[in-house]
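The values are calculated or read from the model by the stated rules, or taken from the named source; none is laboratory data. In this text, all values refer to a predicted model and were calculated from it rather than measured experimentally. Reconstructed Cβ throughout: ideal geometry from the backbone, glycine too, with neighbour counts over all protein chains shown. Remember, those area values only see protein heavy atoms, side chains included, never the ligands or the DNA or RNA. Shrake-Rupley method; radii C 1.70, N 1.55, O 1.52, S 1.80 Å.
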Amino acid sequence: QVHVVETGGGSVQSGESLRLSCTVSGTIFGIALLCWYRQAPGKQRELVATLNWNRGSTEYGDSVKGRFTLTRDGAKNTVYLQKNDLKPTDTDVYYCKAAGVVAASPGGNFWGQGTQVTVSS
């Protein structure tokens, strides 16, 4: 089975940094996109950043451009979201989504369980 696991959340002060990790496990033959979303209580999930796994290209939401950076470790099927200059408005639960996964088990789109990031002023 395919599993998506996020790690690296926590509590920091405004201006500090965090690095989130998202690892896709299972017998994976390919991944189309790895996406990070965030969600505050009572609000819709917001797309933060996207990595095109095959091209290595990235896209970012306007609210995080210049502060967040995606990198990947292909050997580990892991993508990292480096978050710099964090603001209290970045306080959310962050979710990773692996889209277009081709796997030995049924493929498709898979979500992680989320990791909480809290930024205090």
Pairs only if they're at least six apart or on different chains, beta carbon under 6 angstrom, first in the stretch 106-121 and without any contact (Cβ under 8 Å) to a residue 40 or more places away in the chain and over 22 Å from L33 (Cα atoms), second open to solvent by 50 Å² or more (accessible area, probe 1.4 Å) and part of a strand (DSSP E or B); list them, first residue then second.
none
Kindly indicate the residue of the stretch 67-77 that is surrounded by 14 or more Cβ atoms within 10 Å (Cβ to Cβ) and polar (S, T, N, Q) and also farthest from the chain's Cα centre (by Cα) among those meeting that condition.
N77
Exactly one of these conditions fails for G15: (1) more than 29 Å from S105 (Cβ to Cβ); (2) in contact with a strand residue (DSSP E or B) (Cβ under 8 Å, 6 or more places away or on another chain). Give me its number.
(2)
What residue, among those in the stretch 99-121 that are surrounded by 13 or more Cβ atoms within 10 Å (Cβ to Cβ) and not in a strand (DSSP E or B), is farthest from the chain's Cα centre (by Cα)?
G107
Could you list, in sequence order, all residues of the stretch 1-13 that are more than 16 Å from Q113 (Cβ to Cβ) and either surrounded by 14 or more Cβ atoms within 10 Å (Cβ to Cβ) or within 14 Å of the chain's Cα centre (by Cα) (or both)?
V12
Out of all the residues in the stretch 78-94, which are open to solvent by 10 Å² or more (accessible area, probe 1.4 Å) and over 19 Å from I28 (Cβ atoms)?
Q82, N84, D85, K87, P88, T89, T91, D92, V93
Only residues that are of a type in the set (A, V, I, L, M), open to solvent by 20 Å² or more (accessible area, probe 1.4 Å) and part of a strand (DSSP E or B): list them for the stretch 23-56, please.
I28, L33, L47
Counted residues in the stretch 1-60 being free of Cβ contacts under 8 Å to residues at least 12 places away in the same chain and on the phi > 0 side of the Ramachandran plot come to 1
So L20, is it at pLDDT 95 or above and open to solvent by less than 20 Å² (accessible area, probe 1.4 Å)
yes
Among the residues of the stretch 57-66, are any at pLDDT 95 or above, open to solvent by less than 20 Å² (accessible area, probe 1.4 Å) and part of a strand (DSSP E or B)?
no
